[in-house]
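Peer 1: Sending over a structure as structure tokens; questions will come in a sec.
The values are calculated or read from the model by the stated rules, or taken from the named source; none is laboratory data. Quick caveat, the model's predicted, so the values are computed rather than measured. A quick note on method: Cβ atoms are made from the backbone with ideal geometry, for glycine too, and the neighbour counts reach across all protein chains shown.
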Amino acid sequence: MVTRIVQLRISNRRPAAAFTLMELMVVIVLISIMTAMIIPEMKGSYEDALLRSTGRELAGVLSLAASRAVSQNQAHYVLWDAKTGHYQVASRQHVSGREEMVPLRDVAGGEGKLDKRISIHILPTSEMGVPAEAADPSEARVDRDSIAFFPDGTAEAVEIQLRDRAGFQLVMQLNPVTGRIHLSEPVHE
């Protein structure tokens with residue numbers, strides 16, 4: 001009698017639930033369609049995030065140069081190479097009887113490299129924030145390679161334009177009186 005109860009329990013067991021091959025294929029097709037729709041939208045988000053992070057990194061470097069200029073009572077400069085994206089904070093010092101730009105080596109964040117996918121253009125501006133080309137085209141210097149910060153807390157009046165490959169743009173204006181940076185929201189051309 002004991003054996004018969006065991007046999008009944010075994011035969012009453014239901015078969016395990018599983019997906020059919022057709023159901024799996026439908027799910028895979030749906031996932032691939034969703035992926036094809038979402039990936040292009042995420043590319044713009046990535047480009048925007050890259051643009052904003054490069055802007056924050058550049059703002060940090062400019063703030064470092066401004067604070068070092070005030071704390072050391074000496075003009076400091078942010079220098080960079082537009083082709084490579086390499087930047088460094090430097091000051092003028094007398095070396096071997098002549099004045100040279102000497103990069104800061106002992107300061108964290110004093111040098112680095114910005115992402116090559118972001119183009120940077122520095123345009124001088126007037127005291128009112130108007131690009132210098134509009135004020136006086138004969139004296140405008142376009143695409144500079146340095147920005148100066150002075151010991152009294154002031155800075156050169158410049159506008160920095162960051163642009164990614166998709167055409168999104170971030171504009172940073174450096175206030176010449178306070179040496180602070182104002183970021184404009186990115187716009188798409």
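Peer 1: Within the stretch 43-52, is even one residue in a helix (DSSP H, G or I), charged (D, E, K, R) and touching a Phe, Trp or Tyr at 6+ places or on another chain (Cβ under 8 Å)?
Peer 2: Scanning the stretch 43-52, I find at least one residue that is in a helix (DSSP H, G or I), charged (D, E, K, R) and touching a Phe, Trp or Tyr at 6+ places or on another chain (Cβ under 8 Å), so the answer is yes.
Peer 1: Which of the residues that make up the stretch 145-169 are in a strand (DSSP E or B) and among the hydrophobic types (A, V, I, L, M, F, W, C)?
Peer 2: The answer is Ile147, Ala148, Phe149, Ala155, Val158, Ile160, Leu162, Phe168.
Peer 1: Pairs only if they're at least six apart or on different chains, beta carbon under 9 angstrom, first in the stretch 36-59 and among the hydroxyl-bearing types (Ser, Thr, Tyr), second surrounded by fewer than 17 Cβ atoms within 10 Å (Cβ to Cβ) and not in a helix (DSSP H, G or I); list them, first residue then second.
Peer 2: Listed pairs, sorted by first residue: Ser53/Asp115; Thr54/Asp115; Thr54/Arg117.
Peer 1: Further question on the same structure: Quick one: how many residues across the stretch 101-119 are acidic (Asp, Glu) and at pLDDT 85 or above?
Peer 2: Of the residues in the stretch 101-119, 2 are acidic (Asp, Glu) and at pLDDT 85 or above.
Peer 1: Do we find that Asp145 is touching a helix residue (DSSP H, G or I) at 6+ places or on another chain (Cβ under 7 Å), modelled with pLDDT of 70 or more and charged (D, E, K, R) in this structure?
Peer 2: No; evaluated as a whole, the condition is false for this residue.
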